[in-house]
Amino acid sequence: MQGERDERETLTVAEGAEPGLADGTVAEPLAGAAAPPVEDELARSRAQAAEYEDRWKRSTAEFINYKRRTEQERADLLRGANGALILELLPVLDDLERALANLPTGEAASKWVEGVQLVERKFRAILERQGVRPIEALGQPFDPAFHEAVGGSGQTVAQEYQRGYTQHGRVLRPAMVVVGDDELPVVSPQSSEVASDDPAATRATTGDFQA
Amino acid sequence: MARAIGIDLGTTNSVVAVIEGGEPTVIPNAEGERLTPSVVALSPSGERLVGRLARRQAVTNPENTVFSIKRFIGRKFNDPEVQRDIKLVPTRSARRRTATCR
């Protein structure tokens, strides 16, 4: 009975002292020495409400970020989805290039060779439609973003072992290169020679194609 | 909101992750890979290279490329194991750096 009365009293006190409730200094002298449970309860509930609001805001923000990132990831995935497949197909193009660069003597002018060249060109055209571009390496300043050094020392790409490719600006496969000093002549002698006396080779700008 | 990342610094590869919704999520690097080689380098032009890029130029710039550094972190330069391993590492700068870590 006594306890009930106390509670009622504190309730009215708590209501009256609402503005200054948080610190408890206003309510204390009126309510007596014992801490008023209702007031405590209210303070706790408010603190909890504030915490929940904070958490809710955080998770909302987190969710927005998550959504944004997921969309970005999906766009990247769609754009580069065939990248892994193209990477697997590149060695076939490498081999085709090598085969055409090492034609048996006297076969350069044959119709059959011309046909294989067309196949190679078609392959390139398909890759180009997928956003695949060869990386220029020979004679360029060495750049680890696009070139993978397998030997040498210096600042300029002197030799290219394997051509690199990008897709939509992203490196699919870096060019495998040997670097050399800047003073060294970087243009391979074959390419200029071939370009001058074989008009069919002019499209092979890298000099891989030799009649 | 500030959040902490966790780094698994491996001897050869490292992974960075963050807790998201109570679950760890790996953060991919600029190249879109989840694993980043634990390699850093100082290019001749003074540029700092990290991960895959650092590894690509390692052959041409061995003296300024740091790899497998985990073997040396926290060790004293005079440590017999450090002295033994140093002979196997081409990184000249690593020698200096471990020396300053005394």
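The values are calculated or read from the model by the stated rules, or taken from the named source; none is laboratory data. Computed from a predicted structure; not experimentally measured. Here Cβ is always computed from backbone atoms with ideal geometry, including for glycine, and neighbour counts include all displayed protein chains. With ligands, DNA and RNA removed, areas are computed over all heavy atoms of the protein, side chains included. Shrake-Rupley method; radii C 1.70, N 1.55, O 1.52, S 1.80 Å.
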The lone exception for residue B:49 - which of (1) surrounded by 13 or more Cβ atoms within 10 Å (Cβ to Cβ); (2) more than 10 Å from every other protein chain (Cβ to nearest Cβ) it fails: (2)
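With among the β-branched types (Val, Ile, Thr), assigned by TED's automatic domain parsing to the domain that holds residue A:89, open to solvent by less than 30 Å² (accessible area, probe 1.4 Å) and not in a loop (DSSP other than H, G, I, E, B) as the only criterion, which of A:113, A:157 stands out? Steps first, answer last, please.
Details: A:157 fails: assigned by TED's automatic domain parsing to the domain that holds residue A:89.
So the residue among A:113, A:157 that is among the β-branched types (Val, Ile, Thr), assigned by TED's automatic domain parsing to the domain that holds residue A:89, open to solvent by less than 30 Å² (accessible area, probe 1.4 Å) and not in a loop (DSSP other than H, G, I, E, B) is A:113.
Could you list, in sequence order, the residues of the range B:52-67 that are of a type outside the set (A, V, I, L, M) and either open to solvent by 20 Å² or more (accessible area, probe 1.4 Å) or part of a strand (DSSP E or B) (or both)?
Of the residues in the range B:52-67, the ones of a type outside the set (A, V, I, L, M) are B:52, B:55-57, B:60-65, B:67.
Selection gives B:52, B:55, B:56, B:60, B:62, B:63, B:64, B:65, B:67.
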Any chance residue A:177 is open to solvent by less than 60 Å² (accessible area, probe 1.4 Å), among the β-branched types (Val, Ile, Thr) and modelled with pLDDT of 90 or more: yes
I need the full set of residues from the range A:135-156 which are without any contact (Cβ under 8 Å) to a residue 40 or more places away in the chain and closer than 29 Å to residue A:82 by Cα, in order please. A:136, A:140, A:142, A:143, A:144, A:145, A:146, A:147, A:148, A:149, A:150
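On the basis of being surrounded by 12 or more Cβ atoms within 10 Å (Cβ to Cβ) and modelled with pLDDT of 75 or more, does residue A:62 make the cut?
Working: surrounded by 12 or more Cβ atoms within 10 Å (Cβ to Cβ): yes; modelled with pLDDT of 75 or more: yes.
Taking the combined requirement at face value, the residue satisfies it.
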Of the residues that make up the range A:71-79, is at least one more than 30 Å from residue A:150 (Cα to Cα) and of a type in the set (S, T, N, Q)? yes
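Taking the range B:11-31 only, how many residues are touching a strand residue (DSSP E or B) at 6+ places or on another chain (Cβ under 8 Å) and part of a strand (DSSP E or B)?
Within the range B:11-31, the first condition is being touching a strand residue (DSSP E or B) at 6+ places or on another chain (Cβ under 8 Å), and the residues that meet it are B:12-19, B:24-27, B:29, B:31.
Then keep just the ones that are part of a strand (DSSP E or B); that gives B:13-19, B:24-26.
Residues flagged as touching a strand residue (DSSP E or B) at 6+ places or on another chain (Cβ under 8 Å) and part of a strand (DSSP E or B) within the range B:11-31 amount to 10.
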Could you check how many residues of the range B:40-82 are closer than 20 Å to residue A:148 by Cα and either of a type outside the set (Gly, Ala, Ser) or without any contact (Cβ under 8 Å) to a residue 40 or more places away in the chain (or both)? 28
Test each condition in (1) within 14 Å of chain A (Cβ to nearest Cβ); (2) open to solvent by 70 Å² or more (accessible area, probe 1.4 Å); (3) under 11 Å from the mean Cα position of the chain (by Cα) for residue B:70 and report the one that comes out false. (1)
Positions within the range A:129-154 being closer than 21 Å to residue B:40 by Cβ, open to solvent by 20 Å² or more (accessible area, probe 1.4 Å) and of a type in the set (Gly, Ala, Ser), in sequence order: A:145, A:153
Going residue by residue through the range A:95-106, is there one that turns out to be part of a helix (DSSP H, G or I), more than 30 Å from residue B:41 (Cα to Cα), within 14 Å of chain B (Cβ to nearest Cβ) and open to solvent by less than 80 Å² (accessible area, probe 1.4 Å)? no
One residue is enough: does the range B:18-39 have a residue meeting the conditions in contact (Cβ under 8 Å) with a residue 40 or more places away in the chain, touching a Lys or Arg at 6+ places or on another chain (Cβ under 7 Å) and open to solvent by 60 Å² or more (accessible area, probe 1.4 Å)? no
